[in-house]
Amino acid sequence: MTTLALDTSTPDGSVALRRDGVVVYARAGDGSRPHGMRLPGEALAALEACGLTLRDVSLLAVGLGPGAFTGLRVGLATIEGLSFATGLPVVGVSGFDALAVAAARSDRSRREIAVWLDAARGEVFAARYAVAPDSPFDARALDEPRAAPPAAVLEGWRAEGAHPDVFIGGGAVMYADDVAAAIPDAHILEAPLIAPFVAELGELRAARDGGTRLNALRPVYVRRPDAELARQRSPAPRVG
């Protein structure tokens with residue numbers, strides 16, 4: 001089985017190829033250029049580097065975010081276009097899930113994971129997971145994702161009795177001082193490339209649930225896109 005995976009939740013993004021259970025290609029993109037200028041070229045270059053073509057691919061997997069609206073839409077559009085052209089099945093994977101699995105595998109003595117992604121505006125996209133070695137995904141979601149300033153997230157978790165002992169993601173690195181002040185014993189992990197985990201989790205989910213209908217693929221936004229918020233703030237047009 002060969003899975004081609006894309007993630008466009010960060011400016012760099014990443015591409016991965018997983019073949020018969022082994023990651024054979026994983027590379028970050030060039031964040032100085034928009035995703036729309038680099039895709040699907042980066043995906044096809046990954047196949048070429050491994051001596052493969054789209055005919056060798058069994059499954060397409062795409063990261064669903066959260067992240068920048070435009071980047072997520074480009075990633076989904078690329079995968080949808082490849083699927084439409086080839087008939088290949090598609091599966092979407094949350095970036096929260098992918099990073100939670102990475103954290104769970106980094107140290108199985110940890111019990112509770114916080115995934116923090118940079119949400120801009122001084123906020124993070126945040127979600128909590130429990131390490132679950134008996135689960136095929138290695139981690140189990142504990143709450144609904146939220147977008148808020150780091151201090152507000154930490155205060156909310158404290159009020160709920162939560163105590164994550166490992167943080168992962170770009171937001172965790174960016175706001176490491178906030179984490180250290182609130183949870184001094186927490187361990188902070190750099191975010192790995194997401195696409196390899198998207199490929200693996202995509203295979204697991206496809207085996208369990210089958211592929212996803214193209215019209216059912218939806219980005220994980222957590223908060224509404226800026227354009228929608230701007231429309232809501234704009235005054236209604238005057239009539240007459």
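Across segment 131-139, a minimum of one residue is classified as at pLDDT below 95, touching a Phe, Trp or Tyr at 6+ places or on another chain (Cβ under 6 Å) and on the phi < 0 side of the Ramachandran plot. Residues considered: 17, 52. Of these, the only one that is over 21 Å from the mean Cα position of the chain (by Cα), more than 25 Å from residue 124 (Cβ to Cβ) and modelled with pLDDT of 95 or more is 52. Looking at this structure, is residue 223 among the charged types (D, E, K, R), closer than 24 Å to residue 12 by Cβ, at pLDDT 75 or above and under 14 Å from the mean Cα position of the chain (by Cα)? For residue 223, the condition - among the charged types (D, E, K, R), closer than 24 Å to residue 12 by Cβ, at pLDDT 75 or above and under 14 Å from the mean Cα position of the chain (by Cα) - is not met. Residues of segment 160-185 that are of a type in the set (Gly, Ala, Ser), without any contact (Cβ under 8 Å) to a residue 60 or more places away in the chain and either open to solvent by 80 Å² or more (accessible area, probe 1.4 Å) or touching a strand residue (DSSP E or B) at 6+ places or on another chain (Cβ under 7 Å) (or both): 162, 171, 172, 176, 181.
Within segment 190-214, the set of residues being open to solvent by 30 Å² or more (accessible area, probe 1.4 Å) and either among the aliphatic types (A, V, I, L, M) or at pLDDT below 80 (or both) comprises 191, 193, 204, 207, 214.
Among the residues of segment 11-46, write down those that are open to solvent by less than 60 Å² (accessible area, probe 1.4 Å) and polar (S, T, N, Q).
Our first condition is that a residue be open to solvent by less than 60 Å² (accessible area, probe 1.4 Å); within segment 11-46, this holds for 13-18, 21, 25-26, 28-29, 31, 35-36, 38-43, 45-46.
Of everything in segment 11-46, just one residue is open to solvent by less than 60 Å² (accessible area, probe 1.4 Å) and polar (S, T, N, Q), namely 14.
Being free of Cβ contacts under 8 Å to residues at least 24 places away in the same chain, farther than 23 Å from residue 201 by Cα and surrounded by fewer than 23 Cβ atoms within 10 Å (Cβ to Cβ) is a property that residue 140 lacks.
What residue, among those in segment 172-205 that are under 17 Å from the mean Cα position of the chain (by Cα), small (Gly, Ala, Ser) and part of a helix (DSSP H, G or I), is farthest from residue 75 (Cα to Cα)? Top of the filtered list is 172. I'm trying to understand the selection: among the residues of segment 60-81, which are crowded, with 22+ Cβ neighbours inside 10 Å and over 28 Å from residue 126 (Cβ atoms)? Matches in segment 60-81: 60 only.
Got at least one residue in segment 18-33 being among the hydroxyl-bearing types (Ser, Thr, Tyr), in a strand (DSSP E or B) and under 20 Å from residue 219 (Cβ atoms)?
First, the residues of segment 18-33 that are among the hydroxyl-bearing types (Ser, Thr, Tyr): 25, 32.
From what's left, in a strand (DSSP E or B): 25.
From the residues that got through so far, the ones that are under 20 Å from residue 219 (Cβ atoms) too are none.
No, segment 18-33 contains no residue that is among the hydroxyl-bearing types (Ser, Thr, Tyr), in a strand (DSSP E or B) and under 20 Å from residue 219 (Cβ atoms).
The values are calculated or read from the model by the stated rules, or taken from the named source; none is laboratory data. From a predicted model like this one, the values you see are computed outputs, not experimental measurements. Cβ: placed from backbone, ideal geometry, glycine included. Neighbour counts: every protein chain shown. Side chains are part of the model used for accessible areas, which takes the heavy atoms of the whole protein and leaves out ligands, DNA and RNA. Shrake-Rupley method; radii C 1.70, N 1.55, O 1.52, S 1.80 Å.
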